[in-house]
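**Q** What follows is a single structure, and I will ask about it in a moment.
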């Protein structure tokens, strides 16, 4: 079973009052209903959703439902349940045309119905963060965006082939949407994977930073060694004061150490409190002496 199917399975098992069930059904009808004259048709692949909607139609709307089961063979056999409803009194079409909600919970139930009809969500363990709901009609997609915006969800819209998709790509926003659905088990699973992935990404970023710092340290060290060796080989060490000369000698002795490590070594071996800024200061002085030597030779 896919993660999307698991979420929908849990959603259909949640207790709801009559008003919430009616709005959930309207949401499903809005996203996946087909109207022909005075009849409404629904095509359902998920048996749990079919049972949920059948009960809602029968006990909340007191309507009779004609049910047909079809098996379509394409790559592998799929079974569909087709609902056929009479809508002589235009009840469903009028409610969808008004599309007003008495409270926030009713709006959320409507969105739950849309998700059951056309929603999908990637398993965070297997791929990137992604949740979407699809529509044949652009106006329906944009109207759903407005409802979600009122509920403080920042979905985006894109046209893909002949359909319009509204989607989320942020792991945190998808977790918040799972809270709206009320699917607690799916939310816990999603959060566990998200925390693990975010931790792994953080470790990778730290490793990358550490590697970059190491490469920078080695690059700086090579440049410093080159300058110190030039000064020493050409008998210019007398141009360095005593403290700077000491730092230069320690760089020659410990060519690959960072400024902080050199400061620690100097502190330990000289018995004086040497800081990273102290080491950096004297390397700047070495650089100044080197630049003056090169400048005088080029005159």
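The values are calculated or read from the model by the stated rules, or taken from the named source; none is laboratory data. This is a predicted model, so every value here is computed, not measured. Every residue, glycine among them, receives a Cβ derived from its backbone with ideal geometry; neighbour counts consider all protein chains shown.
**Q** Exactly one of these conditions fails for residue 193: (1) within 18 Å of the chain's Cα centre (by Cα); (2) outside any helix (DSSP H, G or I). Give me its number.
**A** (2)
**Q** Scan region 25-34 and tell me whether some residue there is at pLDDT 90 or above and exposed (fewer than 15 other Cβ atoms within 10 Å of the Cβ).
**A** No, there is no match, as no residue in region 25-34 is at pLDDT 90 or above and exposed (fewer than 15 other Cβ atoms within 10 Å of the Cβ).
**Q** Would you pick out the residues in region 250-279 that are more than 20 Å from residue 229 (Cβ to Cβ) and either modelled with pLDDT under 85 or exposed (fewer than 14 other Cβ atoms within 10 Å of the Cβ) (or both)?
**A** 260, 268, 269, 270, 271, 272, 273, 277
**Q** Just to be sure I understand the filter: pairs with C-beta atoms under 7 Å, separated by 6 or more residues or on different chains, first member in region 66-81 and over 10 Å from residue 43 (Cα atoms), second member at pLDDT below 70. Which pairs pass?
**A** From region 66-81, the pairs are 71/77.
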